[in-house]
1. Any residue at all in region 5-15 that is near ligand 1 (Cβ under 9 Å from one of its atoms), assigned to a strand (DSSP E or B) and either open to solvent by 30 Å² or more (accessible area, probe 1.4 Å) or modelled with pLDDT under 95 (or both)?
2. Of everything in region 42-64 that's within 18 Å of Leu12 (Cα to Cα) and buried (at least 18 other Cβ atoms within 10 Å of the Cβ), which residue is nearest to ligand 1 (Cβ to nearest atom)?
3. Given the conditions (1) within 17 Å of the chain's Cα centre (by Cα); (2) open to solvent by less than 70 Å² (accessible area, probe 1.4 Å); (3) closer than 21 Å to Thr193 by Cβ, and given that Asn34 satisfies all but one, which numbered condition is not satisfied?
4. Which of (1) assigned to a loop (DSSP other than H, G, I, E, B); (2) in contact (Cβ under 8 Å) with a residue 60 or more places away in the chain does Thr38 not meet, given it meets every other one?
5. From the list Pro213, Pro175, which residue is surrounded by fewer than 14 Cβ atoms within 10 Å (Cβ to Cβ) and in contact (Cβ under 8 Å) with a residue 40 or more places away in the chain?
6. Please pick out the residue among Lys56, Lys98 that is more than 16 Å from ligand 2 (Cβ to nearest atom), assigned to a helix (DSSP H, G or I) and of a type in the set (D, E, K, R).
7. What are the residues in region 65-79 that are open to solvent by less than 50 Å² (accessible area, probe 1.4 Å), assigned to a helix (DSSP H, G or I) and within 14 Å of Gly40 (Cβ to Cβ), if any?
8. Those residues that are within 13 Å of ligand 2 (Cβ to nearest atom) and basic (Lys, Arg), I need them from region 11-53; list them, please.
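The values are calculated or read from the model by the stated rules, or taken from the named source; none is laboratory data. Quantities reported herein were computed from a predicted structural model and do not represent experimental measurements. For neighbour counting, all protein chains shown are included, and Cβ atoms are generated from backbone atoms with ideal geometry for every residue, glycine included. Just the protein is used for accessible areas: all its heavy atoms, side chains included, with ligands, DNA and RNA removed. Shrake-Rupley method; radii C 1.70, N 1.55, O 1.52, S 1.80 Å.
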Amino acid sequence: QQRPYQTKLVLLGPAAVGKSSVVLRFVSNEFQENKEPTIGAAFLTQKCRLDSAVIKFEIWDTAGQERFHSLAPMYYRNAQASAVVYDITNSSSFEKAKSWVKELQRQASPNIVIALVGNKVDLLSEEGSSATEGAQKQSEEGEEDEDDDDDENETVTGNNTGSAAAAVSSKRAVPKEEAKAYADEGGLLFFETSAKTGEGIVELFTEIAKKIPID
Ligand code: GTP
Ligand code: MG
């Protein structure tokens, strides 16, 4: 039985993209429809068993609201790994994720493992269902307090002007190829996930664990 190898991992990204939900899925295999925004940061741990070692992630789940931005360096300092999360249905969240990546590349440890994570892929599986239903669901979601800082949901704005069919197909706001190309260029790991269904979550943490240099 090997001793777990402790690894500090930080989650970064704008508000309401699902950072806490991704962690909750990984740590407890649960999902909460109305997860409250994180204040400051939350600390959780979870082990990840590889063939070669057991990695014990010490996870800092940071708050995405802009007023907490200045706290982030405390959490990414000395981190060996980070997951930068955006919401695939919200293009401004992708732009903000990219600026988090830049900040990490400038300020964090030079050998930090960075994973870019496009969350909420489950929202796309509604494309197969009735167009009107999908469009309605989305505008309802637009009313919620998900974006309680300066964000606006661009996808919803577009929907109100387009046809119902166009509305559903525009649910994906960040093309997978575009995000993957950006990740490849910067040497980042890349995953699309759903904290709601669990898709991609174990893979995300396992692939990060495999990249941690064990001395
Ligand atoms: P901050 O703590 O404010 O930075 O937000 P966060 O990034 O931690 O987001 P959080 O996990 O609190 O999730 C925000 C909202 O999105 C919640 O209502 C979640 O239930 C929902 N959510 C999170 N992940 C998913 C997902 O994969 N799919 C869907 N459909 N909803 C999700
Ligand atoms: Mg949170």
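1. The answer is no; no qualifying residue exists.
2. Only one residue fits best here, namely Gly64.
3. It fails just one condition, (2).
4. Unmet condition: (2).
5. Exactly one residue qualifies, and that residue is Pro213.
6. Exactly one of Lys56, Lys98 is more than 16 Å from ligand 2 (Cβ to nearest atom), assigned to a helix (DSSP H, G or I) and of a type in the set (D, E, K, R), namely Lys98.
7. Selection gives Phe68, Ala72, Pro73, Tyr75.
8. Hits for region 11-53 are Lys19, Arg25, Lys35.
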